[in-house]
Amino acid sequence: MTHWFHRNPLKATAPVSFNFYGVAGSPSANKICNDLRTTRARLLEMFTDTTCNPEIMKNGTDAYFSLLQGFIAPLDGTTQENKLRFMQNFKWTDTLQGNTPSAQQDAIFELISMAYNVAIWHTKFASRLAGKENVTEVDAKDVHRSLKFAAGIFKHLKEVHIPRLITPAEKGRDLEPRVIDTYIVQCQAEAQEVTIARAIELKHNATLIAALAFETANFYQKADGTLNTLEPECSSKWRKYLQLKQHFYMSYAYCYHGQTLLSSDKCGESIRSLQEAEKCYSRAETLCKEYRQTKGPGSTAKPSEQLFFTKLGGLIKNTLQKCERENGFIYFHKVPAEAPQLELKASYGLAEPISFEFPALSEQCTPEVYATFDLTKGAKDEKAKPKREEEVIKPMKEPDLKPQKDTGCVIS
């Protein structure tokens, strides 16, 4: 089973020096600032390194986030806000809004934005792995896990950390509910695609496959509905992807539901279900063309030429022909005018986000070291720099993830 996934670009960010000259009043405090700068720079490099894997990424994120917690967690024995939280200004672009950044002088904004990129990286890692040749069962499990892990990060940010921001998320930006909710649901839907592929390869019951496909189509429909009030210029291509996947998996659901009906000697209803599968497939085919023609972030691939797409078309055609032959020789059932109502519930295989937590505070960040940061001294280099109005941040140089025509995720 081949997989093809749409991906928005990574968030880009301005360099951060953490040069708190005067404020950092001890060698240990200066070391924390230096380590923050180097671990941040190293983590940003990992996002575009094609040799990076989830284990390397975890080591990089743990190193940076454990230090950054020293600017967020209370370290003076009280419940008051960490005095360092609002010391440094951070600038980040958004996955849908081009190269003009949002800026907040808030360490929690940095924590959220960097973690958001980690989640995006996991989706891109999954996409790259699923698009290579000769994908093993272990690879398929890694794809499945990465997508559920990304969903868990997005969910954790939405529920725990974004509400802590002083400045609320701007409309259409990554941190607002419509965008982050879509990422969560998309990750779950794509993880279920891997489950469906596994079920098909192992020749599981057609009823289970139809139910999983139906649930997956509903996930994509939900994700598309979440974006429907977002500005078309930044969301149209993404929505085309969600719509084509919705119709594609509805086609799958009707196809396998038709097989279930045939096995129950309901040949007329089976034919009607497969006719509806053809209709959904045709609509998905049209949306594939519209996806390619729509401007915006994402792939320039031809989804309708991918193996995952063409394989389903052949399956629907062959199954429908079989049903029509059987009906002409054995059943002589009337084909209903209305398509069957799908009320399928999957008992197994539904993808849930993997729970995510940030790493514990670094051992370097002790109350004693925290006390040596003196805010009355002021960060000289930050104040000396003039502010530019509409700063543009260069996008990250991402590796080309365009899938090849005849390769994909084959689950053996």
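Across the options A371, A12, T260, the greatest Cα extent toward the positive end of the charge dipole of the chain (unit charges at beta carbon of Lys, Arg, Asp, Glu) belongs to A12.
Pairwise Cα distances in the chain exceed 40 Å for 27 percent of all pairs. When M57, M46 are compared by accessible area at a 1.4 angstrom probe, the order from most to least is M46, M57.
Determine, for each peptide in 357-363, 208-214, the mean count of other beta carbons within 10 angstrom over its residues, then list the peptides with the highest first.
So the order, starting with the most tightly packed, is 208-214, 357-363.
Summed over the residues of the chain and divided among them, the accessible surface reaches 47 Å² per residue at a probe radius of 1.4 Å.
Using the Cα coordinates of region 93-217, the gyration tensor eigenvalues translate into equivalent-ellipsoid semi-axes of 33, 15, 11 Å, sorted from longest to shortest. Of all aspartates and glutamates in the structure, those lying under 19 Å Cα to Cα from K132, and not within fewer than 8 positions of it along the same chain, are D49, D142, E190, E193, E201, E305, E398, D400, D406. So how tilted is helix 27-46 from the main axis of the chain? Cα-based, degrees 0 to 90, rounded to 10. Computed tilt is about 30 degrees.
How much of the accessible area of region 1-123, probe 1.4 Å, is carbon plus sulfur, in whole percent?
Accessible surface attributable to carbon and sulfur in region 1-123 totals 50 percent.
Pairs with C-alpha atoms separated by more than 24 Å, drawn from the list K222/K345; K245/K397; K158/K295; K124/K394; K237/K397, are K245/K397; K158/K295.
Among 308-319, 242-253, how do they line up by average Cβ neighbours within 10 Å per residue, starting with the highest?
Values: 308-319: 16.5, 242-253: 25.5.
The packing order, highest mean first, is 242-253, 308-319.
Considering only the Cα atoms of region 203-263, their convex hull presents on average a projected area of 4.1 nm².
In nm², what is the average projected area of the convex hull enclosing the Cα atoms of region 20-173?
Dividing the Cα hull surface by four gives the mean projection, 10.8 nm².
A viscosity of 1.567 mPa s and a temperature of 4 °C, combined with the Kirkwood radius over C-alpha pairs in the Stokes-Einstein formula, give region 1-77 a diffusion coefficient of 88 µm²/s.
Which of the trypsin sites (Lys or Arg not before Pro) found in region 167-203 are loop residues per DSSP with 14 or fewer other Cβ atoms within 10 Å of their Cβ? Loop-located and lightly packed - K171, K203. Packing, as the average of other Cβ atoms within 10 Å across residues, places the peptides 12-21, 89-98, 121-130 in the order 121-130, 89-98, 12-21, highest first. By a 1.4 Å probe calculation restricted to protein chains, K132 has an accessible surface near 80 Å², given to the nearest 10. Only DSSP H runs of four or more residues enter the estimate; each adds -39500 (n - 2.57), and after division by the residues of the chain the mean residue ellipticity at 222 nm equals -18000 deg cm²/dmol.
For the chain, the longest principal axis of the alpha carbon atoms and the long axis of helix 107-130 meet at an angle near 30°. Shown here for region 1-95: GluC sites (Glu not before Pro) in loop regions (DSSP other than H, G, I, E, B) with at most 13 other Cβ atoms within 10 Å, namely E81.
The values are calculated or read from the model by the stated rules, or taken from the named source; none is laboratory data. Bear in mind that the values here come from a model prediction, so they are computed numbers and not experimental data. Neighbour counts run over all protein chains shown; Cβ positions are idealised from the backbone, glycine included. All accessible areas refer to the heavy atoms of the entire protein, side chains included, with ligands and DNA or RNA removed. Shrake-Rupley method; radii C 1.70, N 1.55, O 1.52, S 1.80 Å.
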